[in-house]
Structures are given as structure tokens and as C-alpha cells.
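Data block below; observations after.
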């Protein structure tokens, strides 16, 4: 993935992480890793997170992200969404919007979410 594409994915990940109005330590850890990989500094990441949680237009803008690798992008977004051990409805809605934008078929998206929820349940129940 090209650096500018990594930044696009980071912005989308900020939207997913902030969908429920808060960003967990686990989500922040992953976002920081993505930021480091794409060369985005702390101040820029903080600004992205602030906009993602307070400006619905920012997330709408991200639905125009590049379609370079839909599977990789969805994998990253799902990792962010479940990093706090839960997958809330607002996060699912945000993921669905990105999946639609990436032309991920609804049945594939549903299967990804089902597998993700099963993984969360398995981790909780040991």
C-alpha cells in the first residue's frame, strides 16, 4: 500500500474507532501503529481522532477512500473495531458504510462480522 493510501486507511480507522464516541487504549495503540507506519505525527493523529468523533462530515469524506485493496482495508478496520473487545452497533454501521464504499458484497461483510463476533466471544469465554 502506498503511503497516501495508508493515510486514507488511517483516517477511516479513526472513524471506526470513534464511531461509539470514545477511543479505547487498545484502539489508540493500533491507531498509533498505523500512524507510525504511514508517517503521520501525533498532532495529526489527534486532529483526525477529534474530527472523527465530533465532525460527521469528516467520516462522510472518508467514504471516498481509495479502493486499492478492499480486503486489507477491511481487515485493518475490523482489527480497530474489535480491539477494545466489543463490536458495537455504531461501529458495525461505520464498517458497513466502508464495506459498501469498497464494494465488499453484503454477504461477505456479514460473514466477516459474524467471524469477528465469534472471535470476540471465544476470547471472552477462553
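The values are calculated or read from the model by the stated rules, or taken from the named source; none is laboratory data. Small disclaimer: the values here were computed from a predicted structure and weren't measured. Virtual Cβ from ideal backbone geometry, glycine too; neighbours counted across all protein chains shown.
For this structure, a couple of remarks:
- Of the listed requirements (1) over 22 Å from residue 92 (Cβ atoms); (2) exposed (fewer than 12 other Cβ atoms within 10 Å of the Cβ), residue 40 misses just one: (2).
- All of 54, 83, 24 fail the test of being modelled with pLDDT of 85 or more and over 14 Å from the mean Cα position of the chain (by Cα), apart from 54.
- The condition (being surrounded by 14 or more Cβ atoms within 10 Å (Cβ to Cβ) and either touching a residue at least 60 places away in the same chain (Cβ under 8 Å) or not in a helix (DSSP H, G or I) (or both)) is satisfied by just one residue among 117, 104: 104.
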